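Only one structure is covered here, and it is reproduced in the block below.
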Amino acid sequence: MNPFIKKVLKKIEKGEKVTIWFDIDGTLCDSEDKSYADAIPDEAMICLLNHLYDKGCQIFLVTARGSTSGIDWKELTKKELKEWGVKYHKLIMGYPKDLYIGDETLRPNEFLELI
């Protein structure tokens, strides 16, 4: 298991405050061809997310919905999350996310090795 993941899991076990970011499409639901209104929730992932929320984790949801089209999907997204019973602290819309590089995810040196 990734050592960073182990570290986070230990923090959760100890009751320490942990912030976890979840993407929506392809993680919490399946939305074929960006048909967001027909998205199918992934009940197992939502159950896990809600469990983490209940254990005191800070849950941030991010989505690229609207980042290229300019369409505002916020109300539909909030409605879906409510219907699916998703517990969260913050929703960030229009988040472009082709690739995230940081010291605690895909580390810069790992990215340089890939390139």
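For beta carbons closer than 8 Å, sequence separation of 6+ or different chains, a first residue in segment 1-23 that is within 13 Å of Gln58 (Cα to Cα) and a second that is among the polar types (S, T, N, Q) and surrounded by 12 or more Cβ atoms within 10 Å (Cβ to Cβ), the qualifying pairs are Lys17/Gln58; Val18/Gln58; Thr19/Gln58; Ile20/Gln58. Within segment 15-59, restricting attention to residues that are aromatic (Phe, Trp, Tyr) and assigned to a helix (DSSP H, G or I), the residue that is surrounded by the fewest Cβ atoms within 10 Å (Cβ to Cβ) is Tyr53.
Of all residues in segment 64-115, those satisfying the criterion of being of a type in the set (A, V, I, L, M), part of a helix (DSSP H, G or I) and at pLDDT 85 or above are Leu76, Leu81.
Out of the residues in segment 60-76 that are among the polar types (S, T, N, Q) and out of contact with any strand residue (DSSP E or B) (no Cβ under 7 Å at 6 or more places or on another chain), which is surrounded by the most Cβ atoms within 10 Å (Cβ to Cβ)? Result: Ser67.
The values are calculated or read from the model by the stated rules, or taken from the named source; none is laboratory data. Everything numeric in this text was worked out from a predicted model, so none of it was measured. Quick reminder, even Gly has a Cβ in these numbers, built from the backbone with ideal geometry, and neighbours come from all protein chains shown.
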